[in-house]
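Where a number appears in this text, it was derived from the coordinates with a stated rule and is not lab data. Source: prediction; values computed, not measured. FYI the Cβ positions are ideal-geometry reconstructions off the backbone, even for glycines, and counts take in every protein chain you see.
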Amino acid sequence: MKKLAIYLAAALCLTSCWIYSFSGTSIQADVKTVTLNYFEYKALRVNPSFSNDLTEALKSQFKKLTRLEQVEMDGDLEIAGEVTGYDVKATAVTADEVAAQNRLTVTIKVKFTNRKHPEDDFEKTFSAYSDYDSTQSLDAVESTICAEIIEKLVDNVFNATVANW
């Protein structure tokens, strides 16, 4: 009887309208494609490669963790966005009132469209940051900390769109 209950529970899970995978995604069964648009760069401080790196990292995450086919336009899911902030601020000040640590914060605005289930649509702002020692210039650490920030942003966007977190 116990085995029968387990089999029935498994069958119910497999035949539901949501598909849950071991990667943590929960994508409706009728959703087959995704369009991942280029993130436009609109921040005042310029980083010429950030938008491309962010867009490619998001595409890679979807390819690696979902079964969705990536299409150029009119996907069942569509993600569009822009980089709206790229700011450096002092976060730790010494007794001599000198910055001991700086923080790079990147803010993005994301528009998510689910053409099959429009109730899931949203527009949200996400931000992520990384700290670095003030004895180093931003130019010296920028590629390393931008990679960390992109990873955090991609995780946040991915979770908000297809992991329902």
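Of the trypsin sites (Lys or Arg not before Pro) found in the stretch 23-75, those that fall in a DSSP loop while having at most 14 other beta-carbon atoms within 10 Å are 42, 45, 67. Neighbours of residue 30 by Cβ distance under 13 Å: Lys/Arg scored +1, Asp/Glu scored -1, total +2. Here is the list for the stretch 79-165: GluC sites (Glu not before Pro) lying in DSSP coil, each with at most 12 other C-beta atoms within 10 angstrom of its C-beta, are 97. log₁₀ I(q)/I(0) of the stretch 30-162 at q = 0.10, 0.16, 0.18 Å⁻¹, via Debye over equal Cα point scatterers, no solvent, to two decimals? Results for the stretch 30-162 at q = 0.10, 0.16, 0.18 Å⁻¹ read -0.37, -0.79, -0.94.
Once backbone amide H atoms are built at 1.01 Å from N, residue 85 has 107 as its partners under 5 Å, excluding neighbours fewer than 5 places away on the same chain. Over the stretch 30-162, Cα pairs under 8 Å with separation of 6+ residues give a relative contact order of 23 percent.
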